[in-house]
């Protein structure tokens, strides 16, 4: 007589396993601990075998019978249901291990040590927010260009065209890693060239050389609007034109006032290469003044909490308060310095090295730490003199001599 839910529920555990038979070899096995397991008994190759279909009540009577019927179809086709189950389990495990998400996370783990923290965070967020929910579970070898495009279209529908292009670029790096490690044979992102909505690269706002004198005078008077430490940070940013993150993370142990040098360690550089910043007389004067107001923090520009540096937003909002919202960013000092120094006749290689646009080759980068350093020292001092003259009202860029 077929089993009913009530009969299974009323069945009590015994000292030894007990069986309640249903039909077609299906039965419930009640363990001494009270667990009620669906089992199916069958014969394959003259050998009696069993497979489990789960526990009651998680697996209902109808579901257990359906699983039995599916197994019987396999058996009638000459396939051992137990072997088939193990094969499918291995296939699913391999699919999970070779899913786009698994391959992407493996690729990310290989690359993350070469990136600055902000870039590493951006890359992971692009994957987790935009690709993993859409294609993360799909084996990387089975992904097609249309499937990838569908995920990218959802980003475009939000109006984030620039992000869609960046996510496409990241996906291509994941696929190429998958090819290298034998998980897939081709990169479908290559088929999507021209498929996304074109976008214009957004350059960070920067004043023109003609607008620079007014900005410098505004920075000199920032102490009347905001805190003095932030004003000094803006001055040093203008004098050194390093990246904002490199400035606000500066510690006193990186500064050599005797040698007039600031050495930014590789872990804080975008290109992961140690960077030498020659310090002009004006930059050293800023650092001497900052020493007296930093509260003994290890950071040159500490935030409200002396154990943490000034935030990037503090620098940006300072420029907003000076009236330069949408007109200037911390990164903009790099652009205006590059423009003026190139027009002043300094060698492009010297300027590029000071901007830390390093070679990506690790061996070459190791020798570039102090490349062109004598010329860079002269250039940085003349740059500081140019800024001082412009802030004082000079109408043209004063060129004392070219490095």
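What follows is calculated from the coordinates using simple rules that are stated; it is not laboratory data. Note that the coordinates shown come from a computational prediction; the quantities given were computed from them, not determined experimentally. A quick note on method: Cβ atoms are made from the backbone with ideal geometry, for glycine too, and the neighbour counts reach across all protein chains shown.
Structure data summary
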{"read-out": "Theoretical ellipticity at 222 nm over the chain - DSSP helices of four or more residues, -39500 (n - 2.57) apiece, nearest 500", "value": "-14500 deg cm²/dmol"}
{"read-out": "Sites residue 370 and residue 270 - FRET efficiency at Förster radius 22 Å, r taken between beta-carbons, to 0.05", "value": "0.75"}
{"read-out": "Relative contact order computed over segment 209-391 (Cα-Cα under 8 Å; 6+ residues apart), in percent", "value": "28 percent"}
{"read-out": "Sites residue 394 and residue 129 - FRET efficiency at Förster radius 60 Å, r taken between beta-carbons, to 0.05", "value": "0.75"}
{"read-out": "Anisotropy class of segment 1-52 from Cα gyration tensor, a/c 1.5 cut", "value": "oblate"}
{"read-out": "Difference of contour (0.36 nm per residue) and Cα-Cα distance, residue 112 to residue 179", "value": "22.2 nm"}
{"read-out": "Shape category assigned to segment 209-391 from the gyration tensor of Cα positions, a/c cut at 1.5", "value": "oblate"}
{"read-out": "Residue 144 paired with residue 281, simple spin-label distance in nm, labels 7 Å along Cα-to-beta-carbon", "value": "7.1 nm"}
{"read-out": "Relative contact order (percent, whole number), the chain, Cα cutoff 8 Å, 6+ residue spacing", "value": "11 percent"}
{"read-out": "Within segment 119-159: backbone nitrogen closer than 19 Å to the residue 197 label point (7 Å, Cα to C-beta)", "value": "130-131, 148-159"}
{"read-out": "Value of relative contact order over segment 3-109, rounded to a whole percent, pairs C-alpha under 8 Å and six or more apart", "value": "14 percent"}
{"read-out": "Relative packing of peptides 326-334, 228-236 - highest average C-beta neighbours within 10 Å first", "value": "228-236, 326-334"}
{"read-out": "Nitroxide proxy distance, nm - points 7 Å out along Cα→Cβ at residue 210 and residue 13", "value": "8.8 nm"}
{"read-out": "Segment 1-89 shape via C-alpha gyration tensor axes, a/c threshold 1.5", "value": "prolate"}
{"read-out": "Separation of alpha-carbon centers, segment 283-305 and segment 202-254, rounded to whole Å", "value": "14 Å"}
{"read-out": "Whole-number Å³ per residue for the convex hull built on Cα positions in the chain", "value": "249 Å³"}
{"read-out": "At q = 0.16, 0.17, 0.23 Å⁻¹, base-10 log of I(q)/I(0) for segment 100-192 (Debye sum, equal scatterers on each alpha carbon)", "value": "-0.59, -0.67, -1.22"}
{"read-out": "Simple spin-label estimate for residue 122 and residue 77 in nanometres, 7 Å along Cα-Cβ", "value": "5.0 nm"}
